[in-house]
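Every number here is computed from the coordinates shown, using simple stated rules; none is lab data. All figures in this text were calculated on a predicted structure; none of them were measured in a lab. Neighbour counts run over all protein chains shown; Cβ positions are idealised from the backbone, glycine included.
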Amino acid sequence: MSEAEQIECRPTKWFYLRAVAMVTMFAVFLVLFLKDWKIGWPGKNEVYYTFQAFKAAKEVFKEHEAAGRSAEAWHALASARRIGFPEEKGLLPSGVDPASTWPEILTDYEGYKKAMEEEGNKATPPLWAKISDERGWSSNVPEKSYARKKIKEQLYYGIGSGALMLVGLFFLVRTARRSMKVDGEAYYAPGGERVPFSSIRRIDKRKWETKGLAYLTYEAGEEKKKVKVDGMVYGQFKAEDGAPAEKLFERILENFSGELVELEADEDEAEDSAGEREGQNQAAKEGVEEPAENIAEEQGEEGDRE
């Protein structure tokens, strides 16, 4: 056959859409996990411990008022109190000092006293809404803090997502440079193998109708090897495009004279036949055993009559 009769199947849009979606998904996971590791969860820790400090300030102020202490005493007390951040590295955003004291908004006696009168009965402690707005924090306060182990896990998940993204990118680029084709003498697999039609000994096409997959077993010298025909990734079966994958596979079948493994239904029929044979054997076995039981019963009855 001439060169003009060569059929070549390139990677399809179906493949590109799924491959790009997969790479994009892992890229998004990579960014999200790394963000949680570096900023997100340490930031939640900052919010959590600061909120606990505001809750503590409310109780401490009540005790201060009950003791009748002065405004100066409150300022000195509040200015010296630490928030209570953990000192272990990596639990807080960079730039946040673990030894930080209460925010200045809590040290103003008159301002805090007024806030207690206005907000003392609310679920959130006085002045919390104000400072969270100033710092751009969410109104949803974390229910717990995050340990270093949990924060570190986000880094590992990010690394794993990045690795999977690179693997997906590798297969995307590799497949984009490949094709499968046939000419008048051989099938050329995406991996570069040249498989002469005369060397093909077996074709398994059980998955061709459902998944567009077929497997060729061929002889290469003294070895037997196997290659795949993947019509879903290369060529596809769209009629408007001429169904190139189907034409390629038909060319292989036209030049093939070995063993052809066809439909999944063949296996089902074989299983049904085996089931029928087993049932027949069981029935035959029961048929042999039943007369033996009858003979035993008859002998018992004769003994009774005697």
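Legend: P(r) of the stretch 180-261 from all alpha carbon pair distances, 5 Å bins from 0, whole percents, reading 3, 16, 29, 28, 17, 6, 2, 0, 0.
Taking amide H as placed 1.01 Å from N in the peptide plane, VAL261 has its amide H under 5 Å from the amide H of ILE203, ASP204, LYS205, each at least 5 places away in sequence or on another chain. With only Lys, Arg, Asp and Glu charged, each at its Cβ (+1 for the first two, -1 for the last two), find how big the charge dipole of the stretch 148-216 is about the Cα centre; round to the nearest 20 debye. The calculation lands at about 460 debye. As a calculated quantity, the FRET efficiency between VAL173 and ILE39 at R0 = 25 Å, using C-beta atoms, amounts to about 0.20. Placing dummy labels 7 Å off each Cα toward the beta-carbon, the span from GLU250 to LYS225 is 2.9 nm. Its alpha carbons considered, the stretch 5-77 gives a radius of gyration followed by a Dmax of 29.0, 101 Å.
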